[in-house]
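What follows is a single structure, and I will ask about it in a moment.
The values are calculated or read from the model by the stated rules, or taken from the named source; none is laboratory data. The structure presented is a predicted model; accordingly, all values stated were derived computationally and were not measured. Here the Cβ positions follow ideal geometry from the backbone for every residue, glycine too, while neighbour counts run over all protein chains shown. Protein only, heavy atoms only, side chains kept; ligands, DNA and RNA dropped before computing areas. Shrake-Rupley method; radii C 1.70, N 1.55, O 1.52, S 1.80 Å.
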Amino acid sequence: MKVGRYKVEHLQTDLLIIGGGTAGCFAAVKAKEAAPELDVLILEKAHIERSGCLAAGMNAINAYINPGETPESFVRYVRADSMGLIREDLVLSIARRLNEVVREVEGWGLPIMKDKEGNYLARGRWNIKINGERLKPIIANKALEAGARVLNRAVVTDLLVEENQVKGAVAFSVRKQVFYVVQARAVIVATGGAAGIYRPNNQGSAHHKMWYPPFNTGAGYAMGIRAGAEMTSFEMRFIALRTKDVIAPTGTLALGFGAKQVNSRGERFMAERYAHLGAEGAPTPWRVYGPTQEIKEGRGPVFLDTTHLSEEEVRELKKSYLNMYPELVLAWAANDFNPAEEPIEIQGTEPYIVGGHTQSGYWIDVNRQTTIDGLFAAGDVAGGAPYKFVSGCWAEGAIAAESAAEYIRKKRGKEEFQEIDSRQIEVKAEEVFAPLNRSDGVRPHEMEESLQKIMDEYAGGISRYYEMNERELSIAQRKLEKLKNQVKYLTAGDLHELMNCHEVIDRIDVARVLVKHLQYRKETRWPAYQSNLDYPALNDREWLKFVNSRYENGEIKIYERPYEQLIPGDRYLP
Amino acid sequence: MSVIFDYNQCNSCRGKDEPFCVKYCPGDLLSVDSETGRPYIRNEADCWDCMVCVKSCPFGAIETRLPYPLASYEASLKPRVLADRIIWHLKDASGREEVFEIKNLE
Ligand SMILES: Cc1cc2nc3c(=O)[nH]c(=O)nc-3n(C[C@H](O)[C@H](O)[C@H](O)COP(=O)(O)OP(=O)(O)OC[C@H]3O[C@@H](n4cnc5c(N)ncnc54)[C@H](O)[C@@H]3O)c2cc1C
Ligand code: SF4
Ligand code: SF4
């Protein structure tokens, strides 16, 4: 398909929300609540009804203050789980709102499981069980009901920023040849994290059989990086422990059904080798490092032992997965697999960048404002606060929305929208649509494979058991610079492929920042997530601080930011 | 593999601006063939197997097929979406059937 002229459509809104997922939809509701007179517009690359992490559903809420716990005990737990380094102000502000946002969504129709006394059914210390198959439609409908406008199938590529103040964003439609220019008084970015940076567990016809949505490609990070926003902690990658092959979450098995990790010899290796760190309750990175080392040292495969389950429990287990990850149930059926008879094989995923599990993302203040005036961030795209999960993303969406509404009222409520330089828009649009006009060049899938190969082999991917050293990282860096220069050869046959082109452009920008961060932290703070073999030990004396970065004049500059302890106590005790 | 269409069941969502399956796929993987008017998947390898399209079809015309390297042939999982619940029909490779009914809206 050769594409002729695109049409430019100009839109204006008070509050623009980029990405209508978990955090974005919730933020829309809260913004309308805080300031009903505000016009709120969501730009979503898919369709808000079933987009992002919640597409298939959820079976638990993983951040909830159960009876006996407090926001402070939550912060202590998250701090220890993240090896003593988090933004305590951010985590505390989320913790204080977790229960309120969960009750609110329950009121919108989410079924939460209860015991005989009517209390929420806990699944582990911070989790409660839900029947969340329809969670995404529930919150999407609420955003519409609240009066937010939504533009679906609009892929945002860049922020509009002048003198470090956000002015809006640009996007293109994957349905018609339209280039959107959106002017806004404030913007919340909520595009989720990034998958597909590293070579995934499965390849070929199964390459998208991954845990994190392959359609969350780090756009929000990339547009922030390009606009000069400060980013934090990219080096704290997220690697999930998942069922082998189908890559389904294992929390359901471990927390919900008491399954323990065993190696090929039947040893409970977490208890045997990592007792000093809490055995099966060791910090999350160690729970990925442990089994990965078993496999590396020849004691794999590693399993979650489910053979104690009764047939009735297996039925419950299947139900639980049908609420969130139905294809695992199908895979068991196809392979005549019964978890009551055989243990479930597990493995680590490829590394993702996900600020809602670990803490890579925008550097924000406690109001969720980024270092760009008027630009706010919430959910997996926002940094500094691990352990958010679905409820923490809602809490953060609420905080961002309320702060953005306040910001508009105080600073930009009366502002007239300035005419945008049409020449500048034309240049941008030409650049965005350029791959459609190249007849010869590199297809986005080829470039994606190239990126994933570099990252896997030189920046600690699955094939390297997540480990890396300085020499490898410098090779990765060099290869990524070369790849970045190849972006001008990307070619697309239609608008869908054009989206794929921008996805790989974004992934490359994220990967470049990631490698810089991995190079800078000269210790190993989070084994597996960040294992540097040249500096294998944790070093609190020199490295109890955040590694941040900013894109300046075409270069990624690193900044160090101090850690502040707010909640007293031993940082390594949960 | 990814999803397969049963064109005996599918009526191409006649009368709708855009078929449900095409409208909701989070990866924009489904499209309408301009010649036949039928939905198809652009690239099977890009499917996430999230079953959003499967659930969205009012006629049950779409079925998930896992990538062959991960699951042998046969077996099926079919959801039926009702107002406040979802009913899953599971058939394993040996033909055993199971039904799960889950309330998903209060
Ligand atoms: C399979 C899976 C199961 C999970 N299970 C649980 C669970 O049971 N319990 C729990 O608490 N947590 C769970 N989590 C974690 C939790 O779902 C996420 O942390 C949370 O949903 C992230 O919210 P978000 O708003 O940041 O991202 P998302 O909800 O993914 O939203 C991001 C949105 O941005 C859109 N977008 C992306 N790029 C662009 C662009 N360029 N332009 C426009 N829009 C764009 C996406 O399409 C998407 O709609 C799970 C995650 C996954 C992946
Ligand atoms: S939703 Fe069902 S009926 Fe409609 S086009 Fe898709 S497969 Fe056909
Ligand atoms: S299963 Fe999900 S990703 Fe695959 S085609 Fe259907 S909606 Fe799209």
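What FRET efficiency do you get for A:H10 and A:D494 if R0 is 25 Å and r is their Cβ-Cβ distance, rounded to the nearest 0.05?
On the way: r = 25 Å, r/R0 = 1.00.
About 0.50, to the nearest 0.05.
Next up: Under a point-charge model restricted to the Cβ atoms of Lys and Arg (+1) and Asp and Glu (-1), what is the dipole moment magnitude of chain B relative to its Cα centre, in debye to the nearest 20? Write out the running numbers ahead of the final one.
Numbers: 13 positive and 17 negative charges, 47 e Å.
Result for chain B is approximately 220 debye, rounded to the nearest 20.
Next question, about the same structure. Just to confirm the number: angle between the C-alpha axis of helix A:284-296 and the first principal axis of chain A, 0 to 90 degrees, nearest 10?
Around 70 degrees separate the two axes.
Using 0.36 nm per residue, how much length does the chain from A:D89 to A:E33 gain when fully extended, once their Cα-Cα distance is taken away? It would help to have the intermediate numbers written out before the result.
On the way: separation 56, 0.36 × 56 = 20.16 nm, distance 2.46 nm.
Value of the extension gain: 17.7 nm.
What spacing in nm lies between the two simple spin-label points modelled at A:D540 and B:Q9, each 7 Å away from Cα in the Cβ direction?
Rounded to a tenth, the inter-label distance reads 5.9 nm.
Let me ask another. State the extension gain, in nm to one decimal, for the chain segment bounded by A:Q165 and A:N66, taking 0.36 nm per residue of separation less the distance between their alpha-carbons. Could you put the intermediate results ahead of the total?
Values: separation 99, 0.36 × 99 = 35.64 nm, distance 4.04 nm.
Length gained, A:Q165 through A:N66: 31.6 nm.
From other protein chains only, count the Cβ atoms within 10 Å of every residue's Cβ in B:51-60, then give the mean.
Averaged over the peptide's residues, the number is 3.
Mind running the shape call on the protein assembly as shown? Use the C-alpha gyration tensor, a ≥ b ≥ c as the square roots of the eigenvalues: rounded below 1.5 for a/c, prolate if a/b tops b/c, oblate otherwise.
rounded
Mind checking the mean number of beta-carbon atoms from other chains within 10 Å of the Cβ atoms in A:201-212?
Neighbouring Cβ atoms belonging to other protein chains average 5 per residue here.
Placing +1 at every Lys and Arg Cβ and -1 at every Asp and Glu Cβ, with all other atoms neutral, what dipole size does segment A:423-545 have around its Cα centre, in debye to the nearest 20?
In debye, rounded to 20, segment A:423-545 gives about 480.
Once the Cα atoms of helix A:470-486 and of chain A are each reduced to a long axis, what angle between those two axes, in degrees from 0 to 90 to the nearest 10, is obtained?
30 degrees
So, R0 is 30 Å and r is the distance between the beta-carbons of A:K116 and B:S76; what FRET efficiency does that work out to, to 0.05?
Values: r = 36 Å, r/R0 = 1.21.
For A:K116 and B:S76, the calculated efficiency is 0.25.
Sort out for me the Cα centre separation of segment A:244-260 from segment A:81-122, rounded to whole Å.
So the two Cα centres are separated by 21 Å.
To continue, here is another question. Can you give the extra length, in nm with one decimal, that the chain gains between A:S474 and A:V366 once fully stretched, where that is 0.36 nm per residue apart less the Cα-Cα distance?
The A:S474-A:V366 span can extend by a further 35.4 nm.
Okay, next question. Within segment A:294-327, find all residues whose amide N lies under 18 Å from a label point positioned 7 Å from the Cα of A:E342 along Cα-to-beta-carbon.
Residues A:300-311, A:314-315, A:318, A:327 qualify, since their backbone N sits under 18 Å from the label point.
Now, a different point. Check each residue of segment A:298-337 and keep those whose accessible area, probe 1.4 Å, is at least 30 Å² smaller with all protein chains in place than in the chain alone; give them in order of residue number.
Residues shielded by partner chains are A:R315, A:K318, A:K319, A:L322, A:P326, A:E327, A:L330, A:A333, A:A334, A:N335, A:D336.
Related question: Answer with one residue from A:I295, A:S264, A:S320: the one whose Cα lies farthest towards the positive end of the charge dipole of segment A:260-340, charges on Cβ with Lys, Arg +1 and Asp, Glu -1.
Result: A:I295, furthest along the dipole toward the positive end.
Quick one: of A:K318/B:K91; A:K45/A:K557; A:K209/A:K319; A:K176/A:K428; A:K388/A:K479; A:K7/B:K23, which pairs are farther than 25 Å apart, Cα to Cα? Don't skip to the end; give the middle numbers.
On the way: A:K318/B:K91 13 Å; A:K45/A:K557 30 Å; A:K209/A:K319 21 Å; A:K176/A:K428 18 Å; A:K388/A:K479 34 Å; A:K7/B:K23 22 Å.
Beyond 25 Å: A:K45/A:K557; A:K388/A:K479.
Express in whole angstrom the spacing between the alpha-carbon centres of segment B:43-72 and segment B:1-37.
The two parts, judged by their Cα centres, are 12 Å apart.
Given the options B:A75, B:A83, B:A45, state which has the largest fluctuation in a GNM of chain B using a 10 Å cut-off (strictly under) for Cα springs.
Greatest mean-square fluctuation among the candidates belongs to B:A83.
Interface size between chain A and chain B, please: total buried accessible area, 1.4 Å probe, rounded to the nearest 100 Å². Could you put the intermediate results ahead of the total?
Numbers: alone 22100 and 7520 Å², together 25250 Å².
Interface between A and B: roughly 4400 Å².
Where a ≥ b ≥ c are the square roots of the eigenvalues of the C-alpha gyration tensor, would you call segment A:452-542 rounded, which needs a/c under 1.5, or, failing that, prolate if a/b is larger than b/c, or oblate?
On the way: a/c = 2.69, a/b = 2.56, b/c = 1.05.
It comes out prolate by the Cα gyration axes.
Another question about this same structure. For the pair B:R42 and B:D17, how long in nm is the line joining their label points, each one 7 Å along Cα→Cβ?
2.0 nm
Okay, next question. Counting partner chain Cβ atoms within 10 Å of every residue's Cβ in B:27-33, what's the average?
Details: counts 11, 12, 3, 0, 2, 0, 0.
Mean partner-chain Cβ count within 10 Å for B:27-33: 4.
So what's the net charge close to A:H496: Lys and Arg +1, Asp and Glu -1, counting the other residues with Cβ under 9 Å from its Cβ?
Working: positive: B:R42; negative: A:D494, A:E497, B:D28.
In short, -2.
Under the Cβ-under-4.7 Å rule, which cysteines of the protein assembly as shown stay unpaired?
Cysteines lacking a close Cβ partner in the protein assembly as shown: A:C25, A:C53, A:C393, A:C501, B:C10, B:C13, B:C25, B:C47, B:C50, B:C57.
Using r as the Cβ-Cβ distance of A:L566 and A:R268, and R0 as 41 Å, what FRET efficiency do you calculate, to the nearest 0.05? Could the numbers behind the result be given before it?
Values: r = 36 Å, r/R0 = 0.88.
Calculated value: 0.70.
Starting from the Cα of A:V178, step 7 Å along the direction of its Cβ; do the same at A:D373; then give the gap between the two resulting points in nm.
Result for the modelled spin labels: 3.2 nm.
Between B:I62, B:I41, B:I86, where does the largest GNM mean-square fluctuation fall for chain B, given springs only between Cα atoms within less than 10 Å?
Checking each option, the largest mean-square fluctuation is seen for B:I86.
While we're on this one: How would segment B:1-99 be classified by its alpha-carbon gyration tensor: rounded, prolate or oblate, with rounded meaning a/c under 1.5 and the a/b versus b/c comparison settling the rest? Can you show the working numbers first?
Details: a/c = 1.91, a/b = 1.34, b/c = 1.43.
Judged from the Cα gyration tensor, segment B:1-99 comes out oblate (a/c at least 1.5, b/c at or above a/b).
Averaged per residue, what accessible surface does segment A:384-521 expose to a 1.4 Å probe, in Å²? Don't skip to the end; give the middle numbers.
On the way: 5700 Å² over 138 residues.
Computed with neighbouring chains in place, this is 41 Å² per residue.
Alpha carbon centre of segment A:152-216 versus segment A:379-442: separation in Å?
Using only Cα atoms to place each centre, the spacing works out to 9 Å.
Related question: Over segment A:365-461, with every protein chain in place, what whole percent of the accessible area is carbon and sulfur at 1.4 Å, could you tell me? Could the numbers behind the result be given before it?
On the way: 1730 of 3890 Å².
Looking at segment A:365-461 in its full context, I get 44 percent from C and S.
Going highest first, how would you order A:535-547, B:16-28, A:553-565 by mean Cβ packing within 10 Å? Show your work: numbers first, answer last.
Values: A:535-547: 14.5, B:16-28: 20.6, A:553-565: 11.2.
Answer by packing, highest mean first, reads B:16-28, A:535-547, A:553-565.
What residue among A:Y572, A:T371, A:V390 has its Cα farthest toward the positive end of the dipole of the protein assembly as shown, where the charges are +1 on Lys, Arg and -1 on Asp, Glu, each on the Cβ?
Result: A:T371.
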